[in-house]
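These notes are about the structure you will find just below.
Rule-based calculations on the coordinates, nothing more; no lab input. Keep in mind the model is a prediction, meaning the values are calculated, not measured. When we count neighbours, we look across all protein chains shown, and the Cβ atoms used for this are built from the backbone with ideal geometry, even at glycine.
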Amino acid sequence: MSLAVVVTSSTSGIGRATAHAFAGEGATVVVHGLNEEGSDEVLAGVREAGGDPRFFPGDLRFAETCEGLINFAVAELGHIDVLVNNAGANFFLGALDADLAGWDDCLNLNLRAPWLCTKRAAPHMPRGSAIVNVASVHAFATVPNGFPYNVAKAGVVALTRVLALELAPAGIRVNAVSPGFVETPITGAWFRSLPDPEVERARMVSRHPVGRMGRPEDIARAIRFLALEAEASFVTGGRPRGSAGRSGLNGRTRALRATFTVELRRRSRAVRTWNTPSAVCYPVWPGLPTSR
């Protein structure tokens, strides 16, 4: 019997690569996207890779969509062997500038949706099944104006820990991956928004000890490894970082300093520049995206 896999937000970036990775295992994959844009191409790719795709559209900021997605998967597949909670979006603001609506949108998608999908899916997951949550290196080290995305992703790591403990007796493993800077459409759009995209890209590459940024397939292979019982049956509660060594660059290993120009939109709307030791914040630029 083929693996029954659900991958949220899987019409582009890391999610798409993950759907293709499981298709290579002959899995039946429920592909999810905000809408049907790009879905035909992804479904065709899953078929070409050897998988059997299904598609469910919807906005996971809403609880009823989370429930609908899992209900659809169970109706189509009968059970769920692997749930990949990949859906997320960037919300990069100052902590004092953010408003309640932004907080709700960010937390509902990046943190509440993984919880709700897991809560609904777990009763339909047999022993030996697995959940992989996609967190971020921002859960461990972040930048000014990274709020509330960094809070939500730290919550994903904590959620992973507690789920790993609570679901272990049912034979369900729960892990998280924490990607760093990955080449995705969101990343490309961010570079194009800068005055000199190529200079900024080269600067970012220089911050990676392996000499390049990540690719969606890099993260997808890590997700597949954590999900497969034959590969990682003794791994639960883990949260490996896919950052090409960037998260290891601190004041003890390299005397790097990053200059952050942070616009704090307070009453004075002043612009302040902070020199921040890399031992406190790993060297990146304010507002840079993480990928989906």
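Do we find a residue being outside any loop (DSSP other than H, G, I, E, B) and among the aromatic types (Phe, Trp, Tyr) anywhere in region 108-130?
Yes, that holds for at least one residue.
Considering region 196-216 alone, what residues qualify as being farther than 16 Å from Ile186 by Cβ and surrounded by fewer than 19 Cβ atoms within 10 Å (Cβ to Cβ)?
Correct list: Asp196, Glu198, Val199, Ala202, Arg203, Val205, Ser206, His208, Pro209, Val210, Gly211, Arg212.
Here's a check for you: in region 1-44, which residue that is outside any strand (DSSP E or B), of a type in the set (Val, Ile, Thr) and within 15 Å of the chain's Cα centre (by Cα) is farthest from Ala87 (Cα to Cα)?
Checked region 1-44; the qualifying residue farthest from Ala87 (Cα to Cα) is Thr18.
Going through region 57-87 one residue at a time, which ones are outside any helix (DSSP H, G or I), closer than 24 Å to Ile172 by Cα and not polar (S, T, N, Q)?
Result: Leu60, Gly78, His79, Ile80, Asp81, Val82, Leu83, Val84, Ala87.
Quickly run through region 1-40 and pick out the residues that are among the polar types (S, T, N, Q) and surrounded by 24 or more Cβ atoms within 10 Å (Cβ to Cβ).
Correct list: Thr8, Ser9, Ser10, Thr11, Thr18.
Evaluate the following for Arg47: is it surrounded by fewer than 21 Cβ atoms within 10 Å (Cβ to Cβ) and part of a strand (DSSP E or B)?
Answer is no for this residue.
If I ask for residues that are of a type in the set (A, V, I, L, M, F, W, C) and within 18 Å of Leu77 (Cα to Cα), which ones from region 2-27 would you list?
Answer for region 2-27, where residues must be of a type in the set (A, V, I, L, M, F, W, C) and within 18 Å of Leu77 (Cα to Cα): Leu3, Ala4, Val5, Val6, Val7, Ala19, Phe22, Ala23, Ala27.
Scan region 193-213 and give yes if some residue there is within 15 Å of the chain's Cα centre (by Cα) and among the small types (Gly, Ala, Ser), otherwise no.
For region 193-213, residues within 15 Å of the chain's Cα centre (by Cα) and among the small types (Gly, Ala, Ser): absent.
For Asp105, all conditions in the list (1) among the charged types (D, E, K, R); (2) closer than 24 Å to Ile80 by Cα; (3) surrounded by fewer than 19 Cβ atoms within 10 Å (Cβ to Cβ); (4) in contact (Cβ under 8 Å) with a residue 24 or more places away in the chain hold save one; what is the number of the exception?
For Asp105, the exception is condition (2).
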